[in-house]
Amino acid sequence: MIQCKRVYDPVSDDDGYRVLVDRLWPRGIKKTDLHYDEWCKNLAPSTGLRKAFHAETLDFTSFSESYQRELLAHQDEGHQLVERGNNGTVTLLYAAKDTQHNHAAVLAQWLRSLESSA
C-alpha cells in the first residue's frame, strides 16, 4: 500500500516504510527529528518544474503531466518502492501545505500505475 503524509504530521505505527520525496530538506525540521527510512531526491520534481508550479506558471494538471514524464527516467526506483508497497505500507513524506495538489500525490498515483502494469 502506498500513502502520502506531510512531514509535519505525527509518526504513526501504520506508516510502514517512510520515504521523503522532496528534493529539498523540509523547513523547520532537524535532520535528527524526522523519522524516515529513505530520502528519494531522484523521485522529486526537477527544480525547474517545482519552481514553475510554485510560481503558478503551471496549473496542477500541466504540472502533473510534466512530472509524470520526468518520472519515466526513474522507473527502476519506482519499481523498488512498489515492491516495498507490495510487502507492506510505504508512506511518501512531503512538506507541501496543499494535501491534495502536490507532487507526492502525483508520485503515489504513478507508483500505483506501475504496480498495476506489472
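Could you tell me what percent of the accessible area of the stretch 42-106 is made up of carbon and sulfur, with a 1.4 Å probe and every protein chain present? C and S fraction of accessible area: 45 percent. Accessible area per residue was computed with a 1.4 Å probe on protein heavy atoms; residue 33 scores about 90 Å².
Residues of the stretch 1-80: accessible area per residue at 1.4 Å, in Å²?
Working: 5020 Å² over 80 residues.
Result: 63 Å² of accessible area for each residue.
Centre-to-centre separation between the Cα atoms of the stretch 6-28 and those of the stretch 66-110: 13 Å.
Please sort by residue number the trypsin sites (Lys or Arg not before Pro) in the stretch 1-91 whose DSSP state is loop and whose Cβ has at most 14 other Cβ atoms within 10 Å.
Numbers: sites: 5, 6, 18, 23, 27, 30, 31, 41, 50, 51, 69, 84; in loops: 23, 27, 30, 31.
Answer in residue order: 27, 30, 31.
Projecting label points 7 angstrom from Cα along Cα→Cβ for residue 101 and residue 60 puts them 0.6 nm apart.
A crude spin-label estimate for the pair residue 13 and residue 109, with each label 7 Å from Cα along the Cβ direction, gives 3.3 nm. Is the stretch 37-118 rounded, prolate or oblate when judged by the Cα gyration tensor, a ≥ b ≥ c being the square roots of its eigenvalues, rounded requiring a/c under 1.5 and prolate requiring a/b larger than b/c? Prolate, since a/c reaches 1.5 and a/b exceeds b/c. The modelled label-to-label distance for the pair residue 3/residue 38, using points 7 Å beyond Cα in the direction of Cβ, is 1.9 nm. Derived scalar couplings between HN and Hα for the stretch 36-42 equal 8, 9, 7, 10, 9, 5, 5 Hz in order, rounded to whole Hz, by the Karplus curve 6.51 cos²θ - 1.76 cosθ + 1.60 (θ = phi - 60°), x for Gly and Pro. Karplus-derived 3J(HN,Hα) values for the stretch 47-53, using 6.51 cos²θ - 1.76 cosθ + 1.60 with θ = phi - 60°, are 4, x, 5, 4, 5, 5, 5 Hz; glycine and proline are entered as x.
With the whole protein complex present, residue 116 retains an accessible surface near 90 Å², based on a 1.4 Å probe.
The values are calculated or read from the model by the stated rules, or taken from the named source; none is laboratory data. The structure presented is a predicted model; accordingly, all values stated were derived computationally and were not measured. Counting neighbours? That spans all protein chains shown, and the Cβs are built from the backbone with ideal geometry, glycine included. These accessible areas exclude ligands, DNA and RNA; they are computed on the full protein's heavy atoms, side chains included. Shrake-Rupley method; radii C 1.70, N 1.55, O 1.52, S 1.80 Å.
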